[in-house]
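A short write-up of the structure that comes next.
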Amino acid sequence: MTVTIRRLHRGHPSSATGRYQQITTSQAMAAIGSGSNSSGSVGTISNNPDSNGEEDGSTMYTPFPKHVPYPNTEQSSELMNELFIFCFTIIASATQFLHLYRSVWWLPNSYNRQAVNFYLIDWDLAIFIDIMASRRLLYCCILKCIDGNVPEAYVEISKKVAKYTFLAFVLVSFVCCGTQIYQKASYIHLFVLSYPLVLYLMIFGLNLEQFLRTIVDTEPNCINGMPLHSCSSNAVSIRTEIDALRADFNNRCKQVIFTSLLNAYYAGFVPCVLASKHLYYNNFWTMQHLACVFIGGLTMCVTYCFPMRYCDVFHRAALHLGQWQRVNNRSNSVPTYTWSKTNIYPHGTYVRHMGEVYRSVGYCTSAIPANNRHYRFYAIFSNPVMIYLTLFVAQMLLIVLQLAIFALTPEWQNVLSVAFLLLTNFFTLFRIARDYFIARRIYANEPLFVGMRIQ
């Protein structure tokens, strides 16, 4: 099996574009272990057991992965994504009100000629839900106006003033609506309305930007919400990049879960809890509507926060990180080296770290042996096609379930609510399927492009 390897010199990262040499994996291991440097093409590794893994590995030969060029596919802007989520939440809330307050207007002796009992709806509660659902869309529009009309020298200060002014407006609106609701009900209603805000403070703290935007540049290596990949040849820099990407990924996961729960809470749960105790409604339909709103909103937020180009950045970083596999039964004929934090090891290398022996199973490995965070990162993003496939299967199951419910329901309000959810879920399925088929086509040829297939 032939491997393309590069010679890396300390202080000269650009030398990675220099001379290549084709050698076999076994020859590379033998050359590294013997420290042969007679021809000027083979580096050395110090295998001193007293070095405690601190030896200098800057002169060793290391395979450097080549990345598959990713096509320029059209991605929805932040404004369009926020508009989709806002419309989804508002219509989901309206259909839940329809489940609660529909009338029997079709009966011959019915005194109501309207399809909905509008006089039973608490309009202060409806306004509260509308403000909560539209806060990010309105704030995004404000930022777009500032970017397009304010001189560049005053953009940052204008955004800060707009942020705190808008937050004050939202807070005053919540207080006014809450006061009106409290006068008609009790403090329990205020607790139900304010509970997600308390939960937000527990998750995100006093970071107000997370409340107004779905995607925030939390790391310095992010530009317009998209992290960057540095393609470094330094093992410490690679692990630092992995830590930054993990932090951004975890923050987006928290944002996806919180946003989905928040929208489902106010669109599906609050109207039921704060409805009049004398109101009769079908618990099955309201609960299944709530569950479908949460799952549909979750997949919509996932496609928004984790587009395929975002996952491609993580995949490229995973190729540089690699993975270690612990070896229980090892042949004595295979050389073992002391792991160094400064080295990047080729595929098939055996190292000793903290009394255990590990084998490199990545194209190149700069991860720390027995580090669970590095192990999970490589396991998830080494094959990003599985991420899209999992989302595709989950979305298909949701749509099949809703189609079955749609076919079995005889009532008009249920038909409307399920049809709306199906429409939005089909749109999300289209975005997921597009990403999946593009990613599968691209990454299918990656082993040939890289030049080595890892078994």
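Filter region 234-277 down to the residues that are part of a loop (DSSP other than H, G, I, E, B) and of a type outside the set (A, V, I, L, M, F, W, C), then identify the one that is nearest to Y182 (Cα to Cα). Full working, then the answer.
The first filter runs over region 234-277 and keeps only residues part of a loop (DSSP other than H, G, I, E, B), leaving 234, 274-277.
From what is left, the residues that are of a type outside the set (A, V, I, L, M, F, W, C) are 234, 276-277.
On the way: N234: 60, S276: 14, K277: 16 Å.
For region 234-277, the residue satisfying everything is S276.
Do you know which of the residues in region 208-218 that are open to solvent by 50 Å² or more (accessible area, probe 1.4 Å) and within 25 Å of R309 (Cβ to Cβ) is modelled with the lowest pLDDT?
T218
What is the residue count in region 62-89 for residues that are open to solvent by 50 Å² or more (accessible area, probe 1.4 Å) and charged (D, E, K, R)?
Here the count works out to 2.
Could you go through region 384-403 and let me know if any residue there is in contact (Cβ under 8 Å) with a residue 24 or more places away in the chain and in contact with a Gly (Cβ under 6 Å, 6 or more places away or on another chain).
Of all residues in region 384-403, those in contact (Cβ under 8 Å) with a residue 24 or more places away in the chain come to 384-385, 387-389, 391-392, 394-396, 398-399, 402.
This time we only want the ones that are in contact with a Gly (Cβ under 6 Å, 6 or more places away or on another chain), so: none.
No, there is no match, as no residue in region 384-403 is in contact (Cβ under 8 Å) with a residue 24 or more places away in the chain and in contact with a Gly (Cβ under 6 Å, 6 or more places away or on another chain).
Return yes or no: is R135 on the phi < 0 side of the Ramachandran plot and not in a helix (DSSP H, G or I)? Steps first, answer last, please.
Values: on the phi < 0 side of the Ramachandran plot: yes; not in a helix (DSSP H, G or I): no.
So R135 does not fit the description; no.
Looking only at region 95-122, count every residue that is open to solvent by less than 60 Å² (accessible area, probe 1.4 Å) and either out of contact with any Cys (no Cβ under 8 Å at 6 or more places or on another chain) or among the aromatic types (F, W, Y) (or both) and tell me the total.
Here is the first cut: in region 95-122, the residues open to solvent by less than 60 Å² (accessible area, probe 1.4 Å) are 95-101, 103, 110, 112, 115-117, 121-122.
With the extra rule that they be either out of contact with any Cys (no Cβ under 8 Å at 6 or more places or on another chain) or among the aromatic types (F, W, Y) (or both), the set shrinks to 95, 97-99, 101, 103, 110, 112, 115-117, 121-122.
Of the residues in region 95-122, 13 are open to solvent by less than 60 Å² (accessible area, probe 1.4 Å) and either out of contact with any Cys (no Cβ under 8 Å at 6 or more places or on another chain) or among the aromatic types (F, W, Y) (or both).
Based on this model, can you work out whether R431 counts as more than 21 Å from P69 (Cα to Cα), assigned to a helix (DSSP H, G or I) and among the basic types (K, R)? Don't jump to the end; show me each part of the working.
Values: more than 21 Å from P69 (Cα to Cα): no; assigned to a helix (DSSP H, G or I): yes; among the basic types (K, R): yes.
So R431 fails the test.
Could you run through region 347-385 and say how many residues are in a loop (DSSP other than H, G, I, E, B) and more than 16 Å from the chain's Cα centre (by Cα)?
Within region 347-385, the first condition is being in a loop (DSSP other than H, G, I, E, B), and the residues that meet it are 347-349, 354-355, 361-363, 366-371, 382-384.
Still in the list and also more than 16 Å from the chain's Cα centre (by Cα): 347-349, 354-355, 361-363, 366-371.
Selection size over region 347-385: 14.
For Y266, which of the numbered conditions (1) closer than 20 Å to A133 by Cα; (2) open to solvent by 10 Å² or more (accessible area, probe 1.4 Å); (3) of a type in the set (S, T, Y) fails to hold?
Of everything listed in (1) closer than 20 Å to A133 by Cα; (2) open to solvent by 10 Å² or more (accessible area, probe 1.4 Å); (3) of a type in the set (S, T, Y), Y266 misses just condition (2).
Only one residue in L201, L197, L171 is under 26 Å from the mean Cα position of the chain (by Cα), open to solvent by 80 Å² or more (accessible area, probe 1.4 Å) and of a type outside the set (G, A, S). Which one?
Details: L197 fails: open to solvent by 80 Å² or more (accessible area, probe 1.4 Å); L171 fails: under 26 Å from the mean Cα position of the chain (by Cα).
Only one candidate passes the filter, namely L201.
Which one of the conditions (1) surrounded by fewer than 23 Cβ atoms within 10 Å (Cβ to Cβ); (2) modelled with pLDDT of 85 or more does G297 fail to meet, given that it meets all the rest?
The one condition G297 does not meet is (1).
For region 65-95: of the residues being hydroxyl-bearing (S, T, Y) and not in a helix (DSSP H, G or I), which is nearest to V313 (Cα to Cα)? So that I can check it myself, show each step before the final result.
Initial filter on region 65-95 (hydroxyl-bearing (S, T, Y)): 70, 73, 76-77, 89, 93, 95.
Filter once more, so that each one left must be not in a helix (DSSP H, G or I): 70, 73, 76-77.
Working: Y70: 10, T73: 15, S76: 18, S77: 19 Å.
Per the criteria, the residue is Y70.
Looking at (1) under 30 Å from E446 (Cα atoms); (2) open to solvent by less than 40 Å² (accessible area, probe 1.4 Å); (3) modelled with pLDDT of 90 or more, which one does L398 not meet, given that it meets all the others?
Condition (1) is where L398 drops out.
The values are calculated or read from the model by the stated rules, or taken from the named source; none is laboratory data. For clarity, every value in this text was computed on a predicted model and none was experimentally measured. Here Cβ is always computed from backbone atoms with ideal geometry, including for glycine, and neighbour counts include all displayed protein chains. Each accessible area value is taken on the protein alone, full model and side chains, heavy atoms only, with ligands, DNA and RNA left out. Shrake-Rupley method; radii C 1.70, N 1.55, O 1.52, S 1.80 Å.
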